[in-house]
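Take a look at the structure set out below.
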C-alpha cells in the first residue's frame, strides 16, 4: 500500500513538472520579435521629418528665387513706351523730357508737328514761330532732300497763337507718296531748353 502511494505521488509530481514546462515553453514562443524594417524609433521618425523639412525649405527658396528673378527681369527689362495721341511718329527730345509728334499726310504732301510733354500726353506751347525740318528721301535710285518749314497754327478755341502754340504745319512736294524718309529737327525750344540737330526716321521715330 505504501509503495503504491509513493508511486502515485511521484507520478503526480512528474505530470505537474511536464505541465509547467509545456506552459512556459508555449508562452515564450508566442512572443514574436518585431520584424526588421518596421521600427519607428525616435531616430528614424526624426530623420524622415528632417528630410521633409529640407525638401520644403529648398522648394520654398527655389520659388522665392524664381519670383525674385522674374521681378528683376520685369524691372530691368521694362521699357516705358509712349503712344502718339494723334497716331503719328514720336520724336523724343533730350532724355525724353518732351516729344514732337509728326503726322504726315502723304496724299497732300502735308506734315503737322505737335509739341508734347515727356509722357507724350499733354500739349506744350512753344515760344517760336516755326519748326524747320530737313528731310531726305530716296525716290527710285535717286536721293532727294528738302527743307520743310512748319509754321505755328493758331487756335481760337485753345487761345494758341503764333509764338505760343503747340501745333505747327507745312507742306512739301517731297512728302507726297512718301512712306519712309530721314529727318532732322534743326532747332526747337521747349521746356526751357533749346535742342538742335535732333535726328529721326519716319515712320519709326527715334525712341
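Worth a mention:
- Note on the stretch 97-120: residues that are in contact (Cβ under 8 Å) with a residue 40 or more places away in the chain and closer than 13 Å to residue 198 by Cβ total 6.
- Against the conditions (1) over 38 Å from the mean Cα position of the chain (by Cα); (2) exposed (fewer than 15 other Cβ atoms within 10 Å of the Cβ); (3) under 18 Å from residue 86 (Cβ atoms), residue 175 satisfies every one except (2).
- Residue within the stretch 86-107 that is at pLDDT 95 or above, in contact with a helix residue (DSSP H, G or I) (Cβ under 7 Å, 6 or more places away or on another chain), surrounded by fewer than 14 Cβ atoms within 10 Å (Cβ to Cβ) and under 27 Å from residue 177 (Cα atoms) present: yes
- Which listed residue, of 112, 158, is in contact with a strand residue (DSSP E or B) (Cβ under 9 Å, 6 or more places away or on another chain) and modelled with pLDDT under 95: 158
The values are calculated or read from the model by the stated rules, or taken from the named source; none is laboratory data. Note that the structure is a prediction, hence the values are computed from the model and not measured. Positions of Cβ are backbone-derived with ideal geometry, glycine not excepted, and every protein chain shown enters the neighbour counts.
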